[in-house]
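Contents: one structure, followed by commentary.
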Amino acid sequence: MKQSTNIRLTVAPAAMIVFLLFAVGAGIAQVWPLFMVAVVLTVIALAYTLAAGEHWRRVSEARAPRFRRR
């Protein structure tokens, strides 16, 4: 059985990394409102990545054929 690819689970970690880079850049430049927005967006992307990844793993395990030992 071919395992499906979830494009959202590919894009979400990339977005998390981009937001984290914005947070670091804003922190270095001391632009505090942009820093706080970037930190919040990073946390949201991280939470989404973890929750969606866990959901996808559970759904994938439910679809996978089970092999029993004899």
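Read-outs: derived from the displayed coordinates by stated rules, not from any lab. Keep in mind it's a predicted model, so treat the numbers as computed, not measured. Cβ placement follows ideal geometry from the backbone for every residue including glycine, while neighbour counts extend to all protein chains displayed.
Could you calculate the FRET efficiency of W32 with R63 from 1/(1 + (r/R0)^6), where r is the beta carbon distance between them and R0 is 35 Å, rounded to 0.05?
Details: r = 46 Å, r/R0 = 1.33.
Efficiency, from the Cβ-Cβ distance: 0.15.
For V24 and A52, a Förster radius of 25 Å and the Cβ-Cβ distance give a FRET efficiency of 0.55, rounded to the nearest 0.05. How would region 5-66 be classified by its alpha-carbon gyration tensor: rounded, prolate or oblate, with rounded meaning a/c under 1.5 and the a/b versus b/c comparison settling the rest? Because a/c hits 1.5 or more and a/b exceeds b/c, region 5-66 counts as prolate.
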